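Note sheet for the following structure.
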Amino acid sequence: RKEVEQDPGPFNVPEGATVAFNCTYSNSASQSFFWYRQDCRKEPKLLMSVYSSGNEDGRFTAQLNRASQYISLLIRDSKLSDSATYLCVTGRTGANNLFFGTGTRLTVIP
Amino acid sequence: DTEVTQTPKHLVMGMTNKKSLKCEQHMGHRAMYWYKQKAKKPPELMFVYSYEKLSINESVPSRFSPECPNSSLLNLHLHALQPEDSALYLCASSPGLGSYEQYFGPGTRLTVT
């Protein structure tokens, strides 16, 4: 079983829509959680860390459910510039690297 | 400053060539990473360095040889590559190993002919 699983999409949404991505992780020892954004032919960039209490950054809200081992990312009022692949990433003490999901492709349509 | 730099941006090499990819960070991070990424796939870990020592080699073929001259620099030496090695090679750094966030460089797009 993969450490991190995501719906690959693609998600095609109109501008202004709200879209939610989900991700599950298999290792209960996971203790850090991130969403990265990757534009076509560019490097992944850290979008936000995900905290147990949930956190918000402008139009982006991330939530963590440790009991269900589930992470989500909500994007409100989608912009054309939000079109990208969103990678769900986890980390845990004792591992020497992070664990990447396969990414969810989002296209925001005018 | 959360910048990781990589050179070159693009590289085309023949199967008999020897070339090197370079990565630099000035964030005082103690862990550095090499990833390989193919189109529409997530980054695939190749090597991890912690405090300038090789911590992980994910069974990468010996035609890829990493080097960490100091805590800010990471090189990837390439020799006798195959066309299937063509990919985006990403360098990343993090404050330490384990659960810390990683910061990626812009990558080197490698084409092996």
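Computed FRET efficiency, Cβ-Cβ of residue A:56 and residue A:2, R0 30 Å: what is it to the nearest 0.05?
About 0.60, to the nearest 0.05.
How shielded is B:39-46 by partner chains, expressed as the average number of their Cβ atoms within 10 Å of its Cβ atoms?
That works out to 5 on average.
Roughly how much of residue B:20 is accessible, in Å² to the nearest 10, using a 1.4 Å probe?
50
Take the solvent-accessible surface of the protein heavy atoms, probe 1.4 Å, and return the percent of it on the protein assembly as shown that carbon and sulfur atoms account for.
48
Past 27 Å, Cα to Cα: identify those pairs from A:79/B:22; A:2/B:18; A:2/B:9; A:45/A:79; A:79/B:36, in the order given.
A:79/B:22; A:2/B:18; A:2/B:9; A:79/B:36
To the nearest whole number, what is the average tally of beta carbon atoms from other chains within 10 Å of the beta carbons of peptide B:99-109?
5
For the residue pair residue A:31 and residue B:113, what label-to-label distance in nm results when each label sits 7 Å from Cα along the Cα-to-beta-carbon direction?
Each label point lies 7 Å from its Cα, and together they span 5.0 nm.
Nearest 5 is fine: what % of DSSP beta bridges in chain A come out antiparallel, could you say?
Beta bridges within chain A, antiparallel portion: roughly 90 percent.
Placing +1 at every Lys and Arg Cβ and -1 at every Asp and Glu Cβ, with all other atoms neutral, what dipole size does chain B have around its Cα centre, in debye to the nearest 20?
The calculated dipole for chain B is roughly 360 debye.
Chains A and B: buried accessible surface, both sides, probe 1.4 Å, rounded to 100 Å²?
The A and B chains share an interface burying roughly 1600 Å².
In what sequence, largest accessible area first, do B:62, A:49 appear using a 1.4 Å probe?
The ranking, largest first, comes out as B:62, A:49.
Under a Cβ-only charge scheme (Lys and Arg +1, Asp and Glu -1), can you give me the dipole magnitude of chain A about the Cα centre, in debye to the nearest 20?
Dipole of chain A, to the nearest 20 debye: 220 debye.
With both bridge residues required to lie in chain B, what share of the DSSP beta bridges run antiparallel, to the nearest 5%?
Beta bridges within chain B, antiparallel portion: roughly 90 percent.
Taking beta carbons within 10 Å but only from partner chains, what does the mean come to for residues A:31-40?
2
The values are calculated or read from the model by the stated rules, or taken from the named source; none is laboratory data. What you see is a predicted model; the values in this text were computed from it and never measured. Note that we place each Cβ from the backbone using ideal geometry, even for glycine, and neighbour counts take in every protein chain shown. In case anyone asks, the SASA skips ligands and DNA or RNA and just uses the protein heavy atoms, side chains included. Shrake-Rupley method; radii C 1.70, N 1.55, O 1.52, S 1.80 Å.
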